[in-house]
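The values are calculated or read from the model by the stated rules, or taken from the named source; none is laboratory data. Computed from a prediction, not measured in an experiment: that's the story for all the values here. With ideal geometry, Cβ positions are generated from the backbone for all residues, glycine too; neighbour counts draw on all protein chains shown. The accessibility values were calculated without ligands, DNA or RNA, using every heavy atom of the protein model including side chains. Shrake-Rupley method; radii C 1.70, N 1.55, O 1.52, S 1.80 Å.
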Number of protein chains: 2
Amino acid sequence: MNIALDAADKKILELIQQDATLTHQEIADRAGLSSTSVWRRIRNLEEVGVIRGRVALLDAKKIGMQVNALISVRLTHQGLETGKKFEEFIVEQPEVMECYAVVGNYDYALIVRVSNVERFEKFLSGTLLSHPAVATSTSSFALRQVKYTTAVALD
Amino acid sequence: MNIALDAADKKILELIQQDATLTHQEIADRAGLSSTSVWRRIRNLEEVGVIRGRVALLDAKKIGMQVNALISVRLTHQGLETGKKFEEFIVEQPEVMECYAVVGNYDYALIVRVSNVERFEKFLSGTLLSHPAVATSTSSFALRQVKYTTAVALD
DNA sequence: GTTGAAAGAAAATCCCT
DNA sequence: AGGGATTTTCTTTCAAC
């Protein structure tokens, strides 16, 4: 399950986590490798699934998706079946960017992104709270996104 | 500030948010455009900053970054100066994937990713709680990442 | 002003040592 | 693992709508 990375792999991953448009040659120069070697290593990292994919990141504000909400959800029952149903439902909701199963006062933490407060209200009462597995929820709006990175630190 | 997108732009963005390795020709085929047109539109979307960049996403579990923590932070003072210092500090911490300024019982919500619980403990007491602006914090570990997407829904 | 076809440049991929 | 040929893709140009 756990894949070992050498220093060259880590360097490559650090670079492409920040900028996936770098050419193999640019990566090779910065990592002290040949471009063929970079190509082969990236191919391997993709094959074993360390690299899940490459995506374009958008500036959500610039396209009018300005509301970021943090929601805590408590389910009606904590059994496996209820959780499974809820999770399948969550994965299908385009407004939900992230969902974490947690323990404690609530069962799930969600990060939701919508264009405005009306849409949020619609998502909350029309979608989330309408789901039979959901008992209660607590929402708060993010005033600002102080930091957002997809790059995990490789230590 | 807010940039208007037509149907073709939205289709292109939807596709490259899911997979940035698609060629212009593949995008063109799926969006009903020519590859030149796709190229020009993507270039414009980059210039106006709608596309912030392209990055490689990794499978954090496979490289041993298995601990995902959600942390609520309350500052000692809610003045601008304290907040600014804290935010500058947070941006520099590689363990912090996301940070949101919120209102309510606490001031910031953090998502932190580290390799193991020892590293988390080190980050929490050695880094976060050692910062003079931090008054209190509440942490919970994510049992599971149910959903994680970087793709915002364009409606 | 926006489109698409086709040429030219650049990069990715594969082969061979 | 690296150098170089081949293939694919990206970028630019230019003519048409």
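Some observations on this one:
- Here segment B:2-17 is the region considered, the condition is being within 7 Å of chain A (Cβ to nearest Cβ) and within 22 Å of the chain's Cα centre (by Cα), and the residue that is farthest from DNA strand C (Cβ to nearest atom) is B:Gln17.
- For beta carbons closer than 7 Å, sequence separation of 6+ or different chains, a first residue in segment B:119-144 that is part of a loop (DSSP other than H, G, I, E, B) and a second that is surrounded by 13 or more Cβ atoms within 10 Å (Cβ to Cβ), the qualifying pairs are B:Leu129/B:Ser137; B:His131/B:Phe86; B:His131/B:Phe89; B:Ala133/B:Leu75; B:Ala133/B:Thr76; B:Ala133/B:Thr82; B:Ala133/B:Lys85; B:Ala133/B:Phe86.
- Looking across segment B:76-99, the residues that are of a type outside the set (D, E, K, R) and either over 14 Å from the mean Cα position of the chain (by Cα) or open to solvent by 20 Å² or more (accessible area, probe 1.4 Å) (or both) come down to B:Thr76, B:His77, B:Gln78, B:Gly79, B:Leu80, B:Thr82, B:Gly83, B:Phe86, B:Phe89, B:Val91, B:Gln93, B:Pro94.
- Of all the listed residues (A:Ala7, A:Ala109, A:Ala56), the sole one being within 16 Å of DNA strand D (Cβ to nearest atom), aliphatic (A, V, I, L, M) and buried (at least 20 other Cβ atoms within 10 Å of the Cβ) is A:Ala56.
- A Cβ distance below 6 Å, combined with a sequence gap of six or more or placement on separate chains, defines the contacts here; from segment A:48-77, residues that are within 25 Å of A:Leu128 (Cα to Cα) and facing chain B (nearest Cβ under 10 Å) reach residues that are open to solvent by 30 Å² or more (accessible area, probe 1.4 Å) and among the β-branched types (Val, Ile, Thr) in the pairs A:Ser72/A:Thr138.
- Selection of segment B:10-50 for residues being within 11 Å of DNA strand D (Cβ to nearest atom) and among the polar types (S, T, N, Q) yields B:Thr21, B:Thr23, B:Gln25, B:Ser34, B:Ser35, B:Thr36, B:Ser37.
- Subset tally (residues that are outside any helix (DSSP H, G or I), near DNA strand C (Cβ under 9 Å from one of its atoms) and surrounded by fewer than 18 Cβ atoms within 10 Å (Cβ to Cβ)) for segment A:18-30: 2
- Extreme residue, nearest to A:Lys62 (Cα to Cα), among residues of segment B:64-97 that are out of contact with any strand residue (DSSP E or B) (no Cβ under 8 Å at 6 or more places or on another chain) and modelled with pLDDT under 95: B:Leu80
- Candidate set from segment B:31-55 (those that are in a loop (DSSP other than H, G, I, E, B) and under 12 Å from B:Ala8 (Cα atoms)); member that is nearest to DNA strand C (Cβ to nearest atom): B:Ser34
- Scanning segment B:109-138 for residues being at the interface with chain A (Cβ under 10 Å from one of its Cβ atoms) and either touching an Asp or Glu at 6+ places or on another chain (Cβ under 7 Å) or under 26 Å from B:Leu58 (Cα atoms) (or both) gives a total of 7.
- Against the test of being closer than 27 Å to A:Gln66 by Cβ and surrounded by 14 or more Cβ atoms within 10 Å (Cβ to Cβ), the options B:Val73, B:Val67, B:Val48 yield a single qualifying residue, B:Val73.
- Test: residue in segment B:105-117 that is outside the structural domain of B:Leu15 (by TED's automatic domain parsing), touching a helix residue (DSSP H, G or I) at 6+ places or on another chain (Cβ under 9 Å), closer than 30 Å to A:Glu47 by Cα and outside any loop (DSSP other than H, G, I, E, B): yes
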